[in-house]
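Notes to accompany the following structure.
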Amino acid sequence: MAAPEYVQQTLAGLGTAGSGGVDPALPLYATTFVVVDLETTGGPPDGGGITEIGAVKVRGGEELGVLGTLVNPGQPIPPFITVLTGITQAMLLPAPPIEQVLPSFLEFISDAVLVAHNAPYDVGFLKAACARHGYRWPNPRVLDTVTLARRVLTRDEVPNHKLGTLAAHFRTPRQPTHRALADARATVDVLHGLIARLGGHRVHTLGDTIEFARAVTPTQRRKRHLAEGLPRVPGVYIFRAADDRPLYVGTSGDIATRVRSYFTAAEKRARMSEMLAAAERVEAVECAHALEAEVRELRLIAAHAPPYNRRSKFPERVLWLKLTDEPYPRLSVVRAIGPDDRAYLGPFGSRRAAELAAAGFHDAVPLRQCTHRLSTRTVTPACALAELGRCPAPCEHRITPEEYDVRAARPFATATTADPQPVVDALLARIEALSDGQRYEEAAVVRSRLAAVLRATVRMQRLAGLTGIAELAAARPAAAGGWELALVRHGRLAGAGVSPPGVHPRRTLELIRATAETVSPGHGPVPAATAEESERVLSWLERPETRLVEMSSGWSSPADGAARFRDLLARAEGAPSAQVTSKRP
């Protein structure tokens, strides 16, 4: 059997994100480190090849324990390894094999941070040995003194980052000798020297040290203090500039943890680096639970339009597709709808989406597409669509207003508020005919129009079902006990809170109701909030663990409504045209 190819892993691939039972907020002086060094036969980490293990456990500068042993690798030692380390074949013959050493070693490193010089190499051998002999690797937090030295020391101080060079730089009392225990003790001294330098970089905890060792930018290091003192609760955080202008708004179930992540190597977005450079403070807005945090985030982004937020900045820029008010109505893309509007569909986030849905209706029903204002008295010359049979030519009075209403206008109004079946059937028939004629590109265009129609009708009917309820109270279990409570009025979150464990949630709900926002009814499927806010509320309400407590009226959707076409919508959005079949729900 061929030997496995060895690929040197990074620390990220060796479990640096592991927990190992060590709290990353622990101060360095209170952290238990196990500094390990291996001697090997020089081959790849295939589960064998370890000839010596040396490990030293330290905390607060005090040595707590030592583990050192030769290991029989079960294979010959190359001569150059003997010359380098002084370990001979005769020395290893009576030594225990690695499978006998691993239990003691794994117990020795439990609940500690593993430290090594060039940690990927040592940890790679240990992980491979555990895998080969059936031991579970504990996935401890790992700190590499090579990487840490590269961040702390400059080229003017040390020409390289070899263990001997660093030991000489810090004038350590113990020098490396290419023997495992001696090198581990030298690494302990180097680690203490590096930790002494970390204070000048405002690094005092284990988590800060691990992140500091990674490739963070100077800006992230310099601004790391902005994450200090923030609460570990659900809420919204706001990065503000020197003039108090909001730069970026975000939300999290744990504000402190989320904000700290912006100052780690995990944050690689260029625009966030630019934002951090301009930020001078972080403001936290504590919320009762995640839903309130999400809603507050949307409202703050809409109110301030922070330059580094890309989404949800201009919720007022929505569009609607409506029937015009005239004898022969047509579809028109508008920015607002009123109480007198006869039929409409939306909201749409872009003109392209609205026009795509309009094209779908034009394919399905004989709505006129011209923009003239037609009269029942005066005849207007017909366009090419009438000659092609794509329009009933109301301009030439070939159809009465009553017949036009039945054939064209009414199917649109019915599809948006109740049953879109006739529109769906017409579009599916057109897709099928085009596919049968091998006109697949045209079929794909009609398929995208079908998807646009279904997406918009499903969305509007879902929103209308919620926003028609004057008041709705709901609850879901809180992670720490008690209940998360939400009071929703016309689709807008009017109040939120958490009832403490052991207390009946009714009392908390009444307090929320007494202080909740007054919401007046309005027109359309989103009368009191943005569509995105109402959809966040809907998502929270539709979770299996959420319980409806009270409703001022019934919550329902049309039995023959657009929601029953969700499977068809999924197929239309993700499948080739030929696979969008005409199966009826």
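The values are calculated or read from the model by the stated rules, or taken from the named source; none is laboratory data. Source: prediction; values computed, not measured. For neighbour counting, all protein chains shown are included, and Cβ atoms are generated from backbone atoms with ideal geometry for every residue, glycine included. Surface accessibility is based on the protein's heavy atoms, side chains included, excluding ligands, DNA and RNA. Shrake-Rupley method; radii C 1.70, N 1.55, O 1.52, S 1.80 Å.
Key figures
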{"quantity": "Rg and Dmax of the stretch 158-268, Cα atoms only, in Å", "calculated": "18.8, 58"}
{"quantity": "With every protein chain in place, the stretch 18-114: carbon and sulfur % of accessible area (1.4 Å)", "calculated": "57"}
{"quantity": "Relative intensity, log₁₀ I(q)/I(0), of the stretch 216-364 from a Debye sum that treats every alpha carbon as a point, q = 0.15, 0.16 Å⁻¹", "calculated": "-0.79, -0.85"}
{"quantity": "Pairwise Cα inverse-distance average, inverted: Kirkwood Rh of the chain (Å)", "calculated": "29.8"}
{"quantity": "Angle in degrees between helix 98-108 and the longest Cα principal axis of the chain, rounded to the nearest 10", "calculated": "70"}
{"quantity": "Percent breakdown of C-alpha pair distances by 10 Å bin, ordered from the shortest bin, for the stretch 115-174", "calculated": "20, 41, 24, 14, 2"}
{"quantity": "Residues in the stretch 393-408 reached by a label modelled at HIS372 [backbone nitrogen below 17 Å; 7 Å Cα→Cβ]", "calculated": "393-401"}
{"quantity": "With every protein chain in place, the stretch 466-567: carbon and sulfur % of accessible area (1.4 Å)", "calculated": "52"}
{"quantity": "Cα gyration tensor of the stretch 42-88 - equivalent ellipsoid semi-axes, whole Å, descending", "calculated": "27, 12, 9"}
{"quantity": "Neighbourhood net charge (12 Å Cβ-Cβ; Lys/Arg +1, Asp/Glu -1) for ILE337", "calculated": "0"}
{"quantity": "Where the Cα pairs of the stretch 104-143 fall when distances are cut into 5 Å bins, in %", "calculated": "6, 23, 35, 27, 9, 0"}
{"quantity": "Per residue accessible area of the chain, 1.4 Å probe, in Å²", "calculated": "47"}
{"quantity": "Theoretical gain in end-to-end length, SER350 to ALA570 [0.36 nm per residue, Cα-Cα removed]", "calculated": "77.1 nm"}
{"quantity": "The stretch 116-166 versus the stretch 389-464: alpha-carbon centroid distance in Å", "calculated": "65"}
{"quantity": "Radius of gyration and maximum dimension Dmax of the stretch 321-411, Cα, Å", "calculated": "13.1, 38"}
{"quantity": "Between the stretch 280-344 and the stretch 216-247, the alpha-carbon center distance in angstrom", "calculated": "27"}
{"quantity": "Computed Rg/Rh of the stretch 290-357, alpha carbon atoms with Kirkwood Rh", "calculated": "1.12"}
{"quantity": "Shape category assigned to the stretch 118-218 from the gyration tensor of Cα positions, a/c cut at 1.5", "calculated": "oblate"}
{"quantity": "Aspartates and glutamates with Cα under 20 Å of LYS57, excluding same-chain neighbours fewer than 8 positions away", "calculated": "ASP23, ASP37, GLU39, GLU107, ASP111, ASP122, ASP144, ASP183, ASP189"}
{"quantity": "Intensity falloff of the stretch 212-259 expressed as log10 I(q)/I(0), Debye formula with alpha-carbon point scatterers, at q = 0.25, 0.27 Å⁻¹", "calculated": "-1.04, -1.08"}
{"quantity": "Per-selection Rg to Rh, the stretch 361-471 - Cα, Kirkwood hydrodynamic radius", "calculated": "1.05"}
{"quantity": "Estimated FRET transfer efficiency when R0 is 35 angstrom, pair ARG174-ALA131 (beta carbons, to 0.05)", "calculated": "0.60"}
{"quantity": "Accessible carbon and sulfur surface of the stretch 188-318 relative to its total accessible area, %, 1.4 Å", "calculated": "50"}
{"quantity": "Listed residue (ILE109, ILE87, PRO44) projecting farthest to the positive dipole end of the stretch 36-124, Cβ model", "calculated": "ILE87"}
{"quantity": "Length added when fully stretched, ALA479-HIS304, from 0.36 nm per residue minus Cα-Cα", "calculated": "59.8 nm"}
{"quantity": "Partner lysines for LYS313 [C-alpha distance under 28 Å; skip if fewer than 8 residues away on the same chain]", "calculated": "LYS223, LYS268, LYS322"}
{"quantity": "By average C-beta atoms within 10 angstrom, highest first, the peptides 482-493, 438-449, 543-554, 423-434", "calculated": "482-493, 423-434, 438-449, 543-554"}
{"quantity": "Karplus-derived 3J(HN,Hα), 6.51/-1.76/1.60, for each residue of the stretch 280-290, Hz, glycine and proline x", "calculated": "10, 7, 10, 9, 10, 10, 6, 10, 5, 7, 5"}
